[in-house]
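The values are calculated or read from the model by the stated rules, or taken from the named source; none is laboratory data. All of these numbers come straight from a predicted model, not from anything done at the bench. Here the Cβ is made from the backbone with ideal geometry for all residues, glycine too, and neighbour counts use every protein chain on show.
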Amino acid sequence: MSFYLAIIGTKDNAVYDLEFGTYRQGGDGKPKFSADMKQLCPFIVHSSLDIVEEMQWNTNVMHLKVIDKFYNYLISSYMTAGNIKFLLLHETRADDVIRQFFVDLYDLYVKTLMSPFYSVDQPITSAVFDQRVKMLAKKYL
Amino acid sequence: MSPQPQSVVSTPLDSLSYAAPSRIRAFLCPVGLVSRPRFLDFVCRLQDTAIIRLGDVTPDPRPERVMFSPQGFPDGFVVYNFVTAIDSHHAFLEDLELYRRTLAVFGLADYNNINDLTDLQVVIGAIQAQHPQALIHKVILFDCPLDQNELPSVDFICVPPKRASRITSLRTTLCDLTSALLAELPLLAKAFQAADTIASPLARDDDYDSVMLTSSAFTHSRSSPAGSTGSLPSTINKDNRISYPLSHHTERQRMRRKGRSMKMIANMYLLAGRTFDALKEYNDALNVLKGVSDHLWHASSLEGIGICMVVLAHIGVPFVIPNAVLPPLSPSSEKKELEQPQLLDLLQQMTSNILSLYNRSQNFPGESVPQITYAETILRTTNLLACTTLAGGWTSAARAAAVLSRPIPEVSIPHSQFHHAKMNVMNWISAAQAVRLDGVDAVDAARILTGVAATCGKLGYFRKRGFVLRQLVLELIPRIFQARQVEQNRKSRVPRSDIDDDEYWEGSRDVHVQPQDLDSGVLAVLSDICTVYGIPVDSTSEVSTFGWQDVKTSILKTCIGLCQVIPDFVGIVRYTSMLFRFSAEDLSVDEQLTLIRNFGNAYTAARSMGVQDFEQEYWDAYLVRDIAVVESSLWAVPTLVPLDAASSNRSDSSGPFIYNPFAKKGGEEGKKHLFVLDEPVEFKVILQNPFAFELDILTMSLVGTGTSFSSDVISLVVPPRKLYPASIYLTPTSTGVLNITGCRFQVLGCKETIFSMTPTQAAVTPPVRIKNFGLDARSSSMVKIPSPAFVKNVSVEVVPALPVLRVNRISLPQSSLMLLEGERRRFVIVLGNVSETVPATSISLKFTDSTTKSLSAALQEDFRGESDRYEIEMFLHKRAALRCVTDLNDVKVPANGEAEIEVEVLGKRGLTSACIEISYSHVFDSDVVLKEMYVRTLTLDINVTVNASIEVAGCDFVPFSYDMPMIRTGDGKATTTDILLKFLDQVGIPFEEMDNYCLMLLDLRNSWPSQLAVEIDSRTSANDIHTVKKVIQPGHLTRLLVPIRRIIDIDTSLPIPSLAPPKQFTRSSVKSLSGNVWKSGLWSPEVERTVFWYREELLKVLDGRWIDNLSAIDGLRRGAVELRALRISPQMVDIIRVDDVVVNLSLAPSQYIRKSGKYHWIVEADSFITLVTSVTSHSTADSVSGILRIQPTLRNLPASIALDINRRILFNGILQMPVVDIKSGDTRRVETDFVVLVRGEYEFVASFEETTAGFGGKRYIGREKFVISVN
């Protein structure tokens, strides 16, 4: 199974994105997207922003669960208090695990945000952040 | 929220609205001469009346034509779908979906352009032949004043002009046409009923009967009319085939034919507006088709029932829902009119059923559903649901929108409900999106994807719509490419010699998108996509921080790809420039090179097609990095000089401080450049090219405000990845202030752009912060490029024309000359005026030389004493190396003329080079007193070699003393006194006044390798000058004896003056020393001052010359001896000076005394003698008071004995007495009587101690020893 994670800022801008695979069922953590799909992932995620923006006014929880689908792919979303969107493209439904993943990711994101050298909507280039997200992915997905 | 633009009535009906299959397709074609706008106007008028109520239609009286008589359902209506293009593409679908068939053909003619109506008769025939499947063929004559009866044929219909006719007249015409059409329909119905077989769209004639037997291999090999076979959604499992029992084959065939023909009749009822009958027929057909498992037609009938129900719901007629479509477990709803949610749910349920039936039909080759039908079914349902969602429920507005494509008025809907409904639509949309487009041709793919996109847009999901449209573009690119390949192959089959390039371009031109088509169509779609992804398409000077960078890059590449296959050259140029603007950093070198190559080709092609102005600006807003004036070496830059004293001293009098640290320094920024009228000025423009390709700048020129000027227009190529300085010239054409504001340039493929260095208003005003969510954030995230990239003020003043001078000749070989120290030499400079018109009328010279620098540096060193500083300043400011001899007021250089200037050079030690700055200008009107003037400066360098000549090696001073011992000289002839007397005689000093003079011993060395005659002048009195002459051999040191008159009356209390410009603070050298302990070699300030003033006085009376009359080739060399090299010490000063108060001793005349020298007396013992002490004041003070002391001692004895004179001399009175108030220049005599008792030699010393108000004054002692020898 492969996943595509994108953190989208307030201006539809990608703050961070990552492709990864599962470690379960003998997976090696490498994404297995086809070349076409690899290109398409950002577009799919981007196109579900419409629905995220609509969903956010209908609920008071941050985890919006699966909000969109494209062929066999599902898109789960998490909306932070600062209007930053976490979007995860995945293949099977696993709301609880993804919720935990998002909550921990939010924790990481808030820590990044507290850095005086980081401002909202700026791309996250920290290698530590990248590594921790990968660890989270390994832990949950 | 109403994302769909409010459609006006005249726009074509939505072909994907739910009730679209209930519309009659009517083809409109121009007949005769009709202009395009006229034709479109006619079409619009027809579209306004596209809906005809059956109640208005006159039924056909013929009994065999009553089958679809409008009287059957007067509330019903016929809806025309007017098209202006024949869709031959979907002809194979016409049996299954009759609404795709063109049932009516109307030729639209403009009566004003018709000469002969009989010609049209031929046209009618042609139309009939072209469209045999159409039921009626009519020609509508617009703006026809004739009556219907006057027309030659019933095929002509008259429509009076707009002004003359009421709105209803066209409607009446259409009612008549509808009547005719409805009368023809029964014939078509009969034909269907009589037909042996009614084939499915994808069936082939020959294998129709063996449809169920076909193998899968066969299925793949056959070609469908549209080339579209295969599966629908990816989820379908093709392998799971259902084998169908073949029993009752013939019966089945018969029932199937019957069912299909019933469905056809139902279709016709639906088109004819007889919806009730249609519903009934569909229901019947459904039952039959269900029985024989004809899934495709079954599903189609089911769809028909749905449409009938929606249309009836719209009309508002109660109807009974057929049992067949109701869910099996809801008998209670039977015969009950369904209310909105139920009907809507039922319709969705039906669509699900239809889709599953369609899917099932996939298993039967030849009976399978065409992709487009499948997709359109879903799209129609989504359309219905979208209309319902936007209308806030199953309202009449929603129904009108679904049936007649009426615009939906805005309603406020609770958010959660709205959202829920939208989610439902989205589910259907994802089903439509899931339709595979592999085997579908370009038109169908476009139709499906645009349908999806339209619904997304309606719901406000613009990003989703963008995504679908991008998919559409990606689908189109390979298909268009293929089509063009085919076309090219066809062309290449023509022999090569027959086709030249021009023809090829000519041929391909008609398929290119012409610029006027850019506003609409596929390029508008591209703009739309770009906007959604945060790429501003309208403004070219803004950059949006909105959007996902990678996605933007990808989208722009897609856009370029589409423009390349179309090919749309303007689009390529446009999107390539946008790609460079937004994502240049993401592009690799190869990509950049490819893009720019295509860009260049497209630009050339577009130009050859006649496109002149390209709308996009150059993509890099930071192209220009700097604009600066280049100081010209050719044209000397003029400077402004103040002329009158008031303005020249202004800077000094501007405040109480001489030095103001806050005064603005003339830095580079504040420097004002001066240009001269009609003279070209060079500017340096630094351009950057961060890209990997060469940047072709077609034109570049400077722009500015202020006075008029003409700028050169240059073109250049900026090399890749370089900062490139370009040189550009500008010529001012009138005087005044000229501000260079930027430069104008045109890069290949871009429109002309002005780069401005001045800040724009937009850049200055702070951005307004507005919080926006989602796509609305686009507007607030537009960042204007801080145009300009840098702010600079290049302001120049253009001054009136000035002359230009050159040094034509100089009377020095190679501008160099050799001098001896102290020598003066003159040379001539010949100036030429290059200017054709302007004479140089005001010329001034300024000299600088190599000594200036070292002397200035020496002044900075702080350990020097004040007198040394004065010495350096003296050499720096007073001893000029160069001097102008010619009176410059008389020098004028006429235009194209010449003038001479003579300059004198002084051989000064350390002089190696000199620089003459010749400032010149032109004063137009000499009567006007100018305050300031613009001058040009011409610089002339001269090399000077200064060789040493006569040097002062040292000096000493010897007083003339009467106390000289009488020593014989070596030859035994003369004594020193004799020599002295002889010398005094020579110089004309009387012996008696000898003590007013002293002797200077001056050591001079001749460093020049040739003998020099030296003359030293000494002014001994106001009128007498004594000259000492001597010839000094080369390398020799000679001592000259120069008599000097001793100096009186010098005020040494004055400070040492400074020749430098005044300083605000002068640091006293006293403070730099600790306490009052003077370092060795340094004098106290008082001593230094004294030495200084006496030396100055001494130099005033001395003068020296040398002459070389032997070695000089070019005449006599003569020069001055530099006597300022003299150094004197305080001891020497004591010799030179005459004290302020002089005390003299003498004896009053008496018989007992005899004078043996000036201060030497021989007296007799025990005789009365009077000692006269005279005190003379030379002081600069008005009067002097003090105590006079007389001290007699025994001569030549130790001090302890010498002072013991009490018993040897008797004095009458006291030896100390006050002497007061001696006026300056007066002499006071004091007489003291005494008697010498003991023989011997006595010495008298008199001293005068000045008493001042404070402590101890100066003490003056008689210079000479006063000696009395007593016999």
Q: Among the numbered conditions (1) buried (at least 21 other Cβ atoms within 10 Å of the Cβ); (2) modelled with pLDDT of 85 or more; (3) in a helix (DSSP H, G or I), tell me where residue B:814 comes up short.
A: (1)
Q. Among the residues of segment B:392-414, is there at least one that is under 52 Å from the mean Cα position of the chain (by Cα) and within 13 Å of another protein chain (Cβ to nearest Cβ)?
A. yes
(Q) Go through (1) of a type outside the set (Ser, Thr, Tyr); (2) buried (at least 16 other Cβ atoms within 10 Å of the Cβ); (3) more than 10 Å from every other protein chain (Cβ to nearest Cβ) for residue A:30 and report which single condition fails. (A) (2)
Q. Taking the condition touching a helix residue (DSSP H, G or I) at 6+ places or on another chain (Cβ under 6 Å) and part of a helix (DSSP H, G or I), does residue B:375 pass?
A. yes
Q: Name every residue in segment B:693-717 that is buried (at least 17 other Cβ atoms within 10 Å of the Cβ) and within 29 Å of residue B:588 (Cα to Cα), in order of residue number.
A: B:693, B:695, B:697, B:700, B:716
Q: Of all residues in segment B:1204-1258, count the ones that are out of contact with any Ser or Thr (no Cβ under 7 Å at 6 or more places or on another chain) and among the small types (Gly, Ala, Ser).
A: 5
Q) Taking residue B:820, is it away from chain A (no Cβ under 14 Å) and at pLDDT below 85? A) no
Q.
Among the listed residues B:2, B:88, B:7, B:22, identify the single one that is modelled with pLDDT of 85 or more, of a type in the set (Ser, Thr, Tyr) and farther than 22 Å from residue B:151 by Cβ.
A. B:22
Q.
Of the residues B:574, B:597, B:607, only one is part of a helix (DSSP H, G or I), more than 14 Å from every other protein chain (Cβ to nearest Cβ) and touching an Asp or Glu at 6+ places or on another chain (Cβ under 9 Å); which?
A. B:574
Q: Taking only segment B:84-123 into account, find how many residues are more than 25 Å from residue B:296 (Cβ to Cβ) and in contact (Cβ under 8 Å) with a residue 60 or more places away in the chain.
A: 12
Q) Among all residue pairs at least 6 apart or on different chains, which show Cβ distances below 6 Å where the first residue, located in segment B:403-416, is among the hydrophobic types (A, V, I, L, M, F, W, C) and the second is outside any helix (DSSP H, G or I)? A) B:403/B:19; B:411/B:392; B:413/B:392
Q) Hey, among B:178, B:168, which residue is more than 60 Å from the chain's Cα centre (by Cα) and modelled with pLDDT under 85? A) B:168
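For (1) in the same structural domain as residue B:1089 (by TED's automatic domain parsing); (2) of a type in the set (Val, Ile, Thr); (3) outside any strand (DSSP E or B); (4) modelled with pLDDT of 85 or more, each residue gets a yes or a no:
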| position | (1), (2), (3), (4) |
| --- | --- |
| B:854 | no, no, yes, no |
| B:858 | no, no, yes, no |
| B:867 | no, no, yes, no |
| B:900 | no, no, no, yes |
| B:904 | no, no, no, yes |
| B:915 | no, no, no, yes |
| B:920 | no, no, no, yes |
| B:927 | no, no, yes, no |
| B:933 | no, no, no, no |
Q: Can you tell me which residue among B:1101, B:1172, B:1143, B:1121 is within 28 Å of residue B:1266 (Cα to Cα), crowded, with 16+ Cβ neighbours inside 10 Å and not basic (Lys, Arg)?
A: B:1143
**Q.** Number of positions in segment B:888-904 that are surrounded by fewer than 19 Cβ atoms within 10 Å (Cβ to Cβ) and within 10 Å of residue B:843 (Cα to Cα)
**A.** 4
Q.
Restricting to segment A:60-90, name every residue that is under 18 Å from residue A:42 (Cα atoms) and either among the small types (Gly, Ala, Ser) or more than 14 Å from chain B (Cβ to nearest Cβ) (or both).
A. A:76, A:77, A:78, A:86, A:88, A:90
Q: Considering (1) part of a helix (DSSP H, G or I); (2) in contact (Cβ under 8 Å) with a residue 12 or more places away in the chain; (3) over 24 Å from the mean Cα position of the chain (by Cα); (4) within 14 Å of chain A (Cβ to nearest Cβ), say which one residue B:554 fails and leave the rest.
A: (2)
Q: Would you confirm whether any residue within segment B:346-362 is modelled with pLDDT under 85 and not assigned by TED's automatic domain parsing to the domain that holds residue B:290?
A: yes
Q) Which one of these does residue B:462 not meet: (1) touching a residue at least 40 places away in the same chain (Cβ under 8 Å); (2) more than 10 Å from chain A (Cβ to nearest Cβ)? A) (2)
Q. Which of the residues belonging to segment B:963-1009 are exposed (fewer than 14 other Cβ atoms within 10 Å of the Cβ), part of a loop (DSSP other than H, G, I, E, B) and at pLDDT 80 or above?
A. B:1009
Q) Is one or more of the residues making up segment B:344-366 of a type outside the set (A, V, I, L, M), farther than 21 Å from residue B:81 by Cβ and within 14 Å of chain A (Cβ to nearest Cβ)? A) no
Q. For the subset of segment A:33-56 comprising residues that are small (Gly, Ala, Ser) and within 10 Å of chain B (Cβ to nearest Cβ), which member is nearest to residue B:547 (Cα to Cα)?
A. A:47
**Q.** Residue list for segment B:434-459, filter: closer than 22 Å to residue B:14 by Cα and within 13 Å of chain A (Cβ to nearest Cβ)
**A.** B:435, B:452, B:453, B:455, B:456, B:457, B:458, B:459
